[in-house]
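**Q** Following this message is one structure expressed as structure tokens.
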Amino acid sequence: MNPFAYSRVVDPDEAVNGIAAQAHGKFIGGGTNLLDLMKMGIETPNALIDINRLPLTKIEELPAGKGVRIGAMVRNSDLAEHSLIKSRYPVLSEALLSGASPQLRNMATVGGNLLQRTRCYYFYDPAFPACNKRNPGSGCGAIDGYNRIHAILGQSEQCIATHPSDMCVALAALDPIIRVRGSKGEREIPFADFHRLPGNTPERDTNLEHDELITAVDLPTIPFATRSHYLKVRDRASYAFALVSVAALLDVDSSKRIKAARVALGGVAHKPWRASKAEELLVGKSADEMTFRAAAEAELAAARSYKHNAFKIELAKRAIVRALSRVAQT
């Protein structure tokens with residue numbers, strides 16, 4: 001066990017000042033990911049700043065019908081069951097309820113979920129020396145190793161790990177704003193810009209700075225988000241990460257023509273993957289299986305597989321078709 005200092009804060013500014021003074025410090029909320037990483041020796045902070053007492057636990061409507069604000073310390077279970085989320089953004093509620101276990105959802109926070117790190121075997125076990133995400137410059141053991149769960153989109157020669165969050169896949173389709181506070185003040189980060197693809201710096205998961213605290217997630221008003229669904233394909237029915245997942249939203253008129261579409265994929269890339277090619281193809285087309293399959297083919301045209309995960313390309317296509325078909329029937 002590496003020794004570390006522990007402190008509690010009750011004010012966001014106190015939290016920011018505390019982390020700015022600790023170059024190797026970490027915020028701890030529910031701890032459902034950080035503590036695992038510390039036990040494995042992957043994360044070795046010299047200070048933990050407990051933010052559980054910060055007043056960031058509200059879920060409230062924004063003025064003038066601009067959407068819903070979710071505090072960063074809202075627990076996943078509370079968010080999934082909240083009436084505003086279930087009625088206006090069912091895809092988000094479904095995604096949250098498909099993740100982890102009830103006990104973990106009772107502890108996990110929205111801010112922490114945004115910062116989840118990959119479950120790649122080579123990252124999570126220091127017995128494997130080659131992991132550019134854990135040890136930059138050491139190589140990627142997964143490329144020529146056992147890569148069944150790994151990326152098929154957006155990967156690089158430096159890293160083929162996937163992002164593990166279900167919540168973030170739904171958020172990728174909803175396109176919210178992440179609100180953060182740091183030593184230089186407050187800023188807003190569009191969700192699409194929050195997570196990073198691996199490129200040559202796979203050790204950096206997000207564009208959040210070390211001294212910045214996530215304070216809230218602002219969901220925009222999307223009337224057709226009520227017509228949405230989250231589909232998760234995994235090895236077992238519960239407590240398993242997605243091999244492939246799909247968040248789908250459709251705006252369909254009375255003649256079954258698609259007026260607007262939002263599609264995001266999980267389990268396929270280093271970050272939640274917004275399926276923009278599929279969305280472009282869907283708009284103006286008939287909401288039927290032929291259209292959905294064409295959209296899926298377009299999105300996965302650039303996919304690249306490895307020895308053990310070629311099945312994920314066809315699986316992703318079928319998952320897109322199934323999720324969109326489910327939404328079209330609602």
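The values are calculated or read from the model by the stated rules, or taken from the named source; none is laboratory data. Just so you know, these numbers come straight off a predicted model, no measurement behind them. Neighbour counts are summed over all protein chains in view; Cβ atoms, including those assigned to glycine, are modelled from backbone coordinates with ideal geometry. Ligands, DNA and RNA are stripped out before the accessible areas are found, and what is left, the full protein with its side chains, is counted by its heavy atoms. Shrake-Rupley method; radii C 1.70, N 1.55, O 1.52, S 1.80 Å.
**Q** Which residue, of Lys232, Lys307, is among the charged types (D, E, K, R), out of contact with any helix residue (DSSP H, G or I) (no Cβ under 6 Å at 6 or more places or on another chain) and assigned to a strand (DSSP E or B)?
**A** Exactly one of Lys232, Lys307 is among the charged types (D, E, K, R), out of contact with any helix residue (DSSP H, G or I) (no Cβ under 6 Å at 6 or more places or on another chain) and assigned to a strand (DSSP E or B), namely Lys232.
**Q** In segment 193-219, what residues are surrounded by fewer than 14 Cβ atoms within 10 Å (Cβ to Cβ) and touching a residue at least 60 places away in the same chain (Cβ under 8 Å)?
**A** His210
**Q** How about segment 114-124: which of its residues are open to solvent by less than 20 Å² (accessible area, probe 1.4 Å) and assigned to a helix (DSSP H, G or I)?
**A** Within segment 114-124, Leu114, Phe123 meet the criteria.
**Q** Okay, next question. Pick from Ala260, Ala242: which is under 20 Å from the mean Cα position of the chain (by Cα) and small (Gly, Ala, Ser)?
**A** After ruling out the rest, the residue left standing is Ala242.
**Q** Taking segment 244-280 on its own, how many of its residues are open to solvent by less than 50 Å² (accessible area, probe 1.4 Å) and either of a type in the set (Asp, Glu) or in a helix (DSSP H, G or I) (or both)?
**A** Within segment 244-280, residues that are open to solvent by less than 50 Å² (accessible area, probe 1.4 Å) and either of a type in the set (Asp, Glu) or in a helix (DSSP H, G or I) (or both) number 3.
**Q** OK, next. Return the residues of segment 102-113 that are surrounded by fewer than 24 Cβ atoms within 10 Å (Cβ to Cβ) and in contact (Cβ under 8 Å) with a residue 60 or more places away in the chain; say none if nothing qualifies.
**A** Across segment 102-113, the qualifying residues are Leu104, Met107.
**Q** Checking Leu48 against (1) under 30 Å from Tyr122 (Cβ atoms); (2) open to solvent by 60 Å² or more (accessible area, probe 1.4 Å), only one condition comes out false. Which one?
**A** If we test Leu48 against (1) under 30 Å from Tyr122 (Cβ atoms); (2) open to solvent by 60 Å² or more (accessible area, probe 1.4 Å), just (2) comes out false.
**Q** Does any residue in segment 1-16 that is over 18 Å from Gly185 (Cα atoms) come within less than 7 Å, Cβ to Cβ, of a residue that is exposed (fewer than 11 other Cβ atoms within 10 Å of the Cβ) six or more places away or on a different chain, and which pairs are these?
**A** none
**Q** Specify which of the listed residues (Ala142, Ala64, Ala127) is closer than 26 Å to Glu157 by Cβ, without any contact (Cβ under 8 Å) to a residue 12 or more places away in the chain and either open to solvent by 20 Å² or more (accessible area, probe 1.4 Å) or not in a helix (DSSP H, G or I) (or both).
**A** Ala127
**Q** Among the residues of segment 170-190, is there at least one that is under 23 Å from Cys120 (Cα atoms), among the β-branched types (Val, Ile, Thr) and in contact with a strand residue (DSSP E or B) (Cβ under 8 Å, 6 or more places away or on another chain)?
**A** No, the conditions are met nowhere in segment 170-190.
**Q** Hey, any hits in segment 73-83 for a residue that's under 21 Å from Glu203 (Cβ atoms), loosely packed, with under 13 Cβ neighbours inside 10 Å and without any contact (Cβ under 8 Å) to a residue 12 or more places away in the chain?
**A** The answer is no, given that none of the residues of segment 73-83 is under 21 Å from Glu203 (Cβ atoms), loosely packed, with under 13 Cβ neighbours inside 10 Å and without any contact (Cβ under 8 Å) to a residue 12 or more places away in the chain.
**Q** Next question, about the same structure. When you scan segment 198-229, how many residues do you find that are in a loop (DSSP other than H, G, I, E, B) and of a type in the set (Val, Ile, Thr)?
**A** 3
**Q** Follow-up question, since we're still on this one. Pick out the one residue from Leu34, Leu54 that is buried (at least 19 other Cβ atoms within 10 Å of the Cβ) and under 18 Å from Leu208 (Cα atoms).
**A** The conditions single out Leu34.
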